[in-house]
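Next up is a structure, given as C-alpha cells.
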Amino acid sequence: MDNTYGENVHILNHPLITHKISILRDKNTGTNEFRQLVEEIAMLMGFVALADLPMKDVEVDTPIEHTTVKMLAGRKLAIVPILRAGLGMVSGLTALVPSAKIGHIGMYRDESTHEPVEYFCKLPSPIEERTIVVCDPMLATGGSAVDAISQIKRHGGKKIKFICIIAAPEGIKKLSAMHPDIQIYIGNVDRCLNENAYICPGLGDAGDRIFGTK
Ligand code: PRP
Ligand code: URA
C-alpha cells in the first residue's frame, strides 16, 4: 500500500492485478477478454477493499463439536456502479458478496467540457445503514466520481468506498480532497491526462471497450 495521496487512498499495485491491467491496456485485447478481465480485477480489488466488513458470532455444530464461528454481520452491502463502465465490475464484486444489493448512478462526461452529466440515480434502501462500494474502472479528472459520491451522500449514504482500476493523479487528488471521508482503492496510478482528459497511458474508453461500442 502506498500513502503518497493520504491514508484513505490505497494503491494496490499487486502483481496479479497489474498483470491483468496490462492486458486491458493493449488495444488488441478484444471485448470478450476485456470484460472477463475487468470482472476478475474487480473481484481481486474487492477482496482487499472489503477486508473490514463487520462480523458477528454464530453458533454451529461441526461434525466434531458445538462451537462459535464468525460470519458476515447483516446483509448491508450496496454495490453502486457508475454507468456505464462501472457495470463491468459488478459481477466480480457480487461473486464475493452474493447478497449485496445493487444501486446505479448514470453519469457521462460531456465530450467538450469533460464535465460529468448525471442522468440516473437509484439506490437500495436503507442506504444510510449500508457499506457502499462505488465502482468505475476509470478515475480521470475525478468529476464523475466526485458527483456520484455527492449524490449518494445526498441520499443519506455514509460509509463509502470507491474502487477504480486505473486512476490519474489529478483525479485522485480531486476525489480525496472533495470526499476525505471515503476509502479509495486503485489498481494502478497512471502518468497524467491528455488534452481530451483521457488517462495516459490508460486503456482508452472503458465503456466502449467493455460494451464493444464505437
Ligand atoms: C468514463 C469512466 C468514468 C469517467 C471518468 O465514463 O467510466 O465514469 O469517464 O472520467 P472523469 O474522472 O474525468 O469524470 P464515460 O463518461 O466515458 O461514460 P461511459 O461509462 O458511459 O462510457
Ligand atoms: N474515461 C475513460 O473511459 N477513459 C479515460 O481515459 C478517461 C475517462
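Provide a single number: the residues in the stretch 38-58 that are out of contact with any strand residue (DSSP E or B) (no Cβ under 8 Å at 6 or more places or on another chain) and either among the aromatic types (F, W, Y) or over 16 Å from I160 (Cα atoms) (or both). Break it down stepwise before answering.
The initial filter retains those residues of the stretch 38-58 that are out of contact with any strand residue (DSSP E or B) (no Cβ under 8 Å at 6 or more places or on another chain), namely 39-40, 43-44, 47, 51-52.
Next, only the ones that are either among the aromatic types (F, W, Y) or over 16 Å from I160 (Cα atoms) (or both) stay: 39-40, 43-44, 47.
Count: 5.
Continuing with this model, one more query. If only one of I165, I132, I160 is more than 15 Å from ligand 2 (Cβ to nearest atom) and surrounded by 24 or more Cβ atoms within 10 Å (Cβ to Cβ), which one is it? Reasoning before the result, please.
Details: I165 fails: more than 15 Å from ligand 2 (Cβ to nearest atom); I160 fails: surrounded by 24 or more Cβ atoms within 10 Å (Cβ to Cβ).
Exactly one of I165, I132, I160 is more than 15 Å from ligand 2 (Cβ to nearest atom) and surrounded by 24 or more Cβ atoms within 10 Å (Cβ to Cβ), namely I132.
Just checking, how many residues over the stretch 60-118 are surrounded by 11 or more Cβ atoms within 10 Å (Cβ to Cβ), within 13 Å of ligand 2 (Cβ to nearest atom) and more than 26 Å from M45 (Cα to Cα)?
Total meeting the criteria: 2.
Determine if the stretch 115-122 includes at least one residue that is more than 12 Å from ligand 1 (Cβ to nearest atom), under 17 Å from D147 (Cα atoms) and at pLDDT 95 or above.
Applying the first criterion (more than 12 Å from ligand 1 (Cβ to nearest atom)) to the stretch 115-122 yields 121-122.
Applying the additional criterion that residues be under 17 Å from D147 (Cα atoms) yields 121-122.
From what is left, the residues that are at pLDDT 95 or above are 121-122.
Within the stretch 115-122 (the criterion being more than 12 Å from ligand 1 (Cβ to nearest atom), under 17 Å from D147 (Cα atoms) and at pLDDT 95 or above), the answer is yes, since at least one residue qualifies.
May I pose another question? Within the stretch 184-201, can you find the residues that are among the aliphatic types (A, V, I, L, M) and either within 11 Å of ligand 2 (Cβ to nearest atom) or over 22 Å from L44 (Cα atoms) (or both)?
L193, A197, I199
Quick one: how many residues across the stretch 57-88 are in contact with a Cys (Cβ under 9 Å, 6 or more places away or on another chain) and β-branched (V, I, T)?
The qualifying residues number 3.
Do any helices (runs of 4 or more DSSP H) lying entirely in the stretch 70-183 carry at least 3 residues that are on the phi < 0 side of the Ramachandran plot and touching a Gly at 6+ places or on another chain (Cβ under 7 Å), and which ones are they? Don't jump to the end; show me each part of the working.
Details: elements: 87-96, 143-154, 169-178.
Counting at least 3 such residues, we get 87-96, 169-178.
Among what's in the stretch 160-196 and is closer than 30 Å to P126 by Cβ and of a type in the set (S, T, N, Q), pick the residue that is farthest from ligand 1 (Cβ to nearest atom).
Q183
Can you confirm whether I199 is more than 17 Å from I79 (Cβ to Cβ), surrounded by 15 or more Cβ atoms within 10 Å (Cβ to Cβ) and within 11 Å of ligand 1 (Cβ to nearest atom)?
yes
Give all pairs with beta carbons closer than 7 Å in which a residue from the stretch 23-41 that is at pLDDT 95 or above meets a residue that is part of a loop (DSSP other than H, G, I, E, B); count only pairs at least 6 apart in sequence or on separate chains.
I23/T29; L24/L203; R25/P201; R25/L203; K27/G204; T31/G212; V38/P137
List, please: which pairs have Cβ atoms under 7 Å, are six or more places apart or on different chains, and start with a residue in the stretch 177-202 that is farther than 18 Å from L12 by Cα and touching a residue at least 40 places away in the same chain (Cβ under 8 Å) and end with one that is away from ligand 2 (no atom under 13 Å from the Cβ) and assigned to a loop (DSSP other than H, G, I, E, B)?
P180/N8
Pull out all pairs, ordered by first then second residue, where Cβ-Cβ is under 7 Å, the residues are six or more apart or on different chains, the first lies in the stretch 63-85 and is away from ligand 1 (no atom under 15 Å from the Cβ), and the second is among the small types (G, A, S).
R75/S99; L77/A100; A78/A100; A78/G103; I79/A100
The values are calculated or read from the model by the stated rules, or taken from the named source; none is laboratory data. Treat the numbers as computed from the prediction; the structure is a model and nothing was measured. Counting neighbours? That spans all protein chains shown, and the Cβs are built from the backbone with ideal geometry, glycine included.
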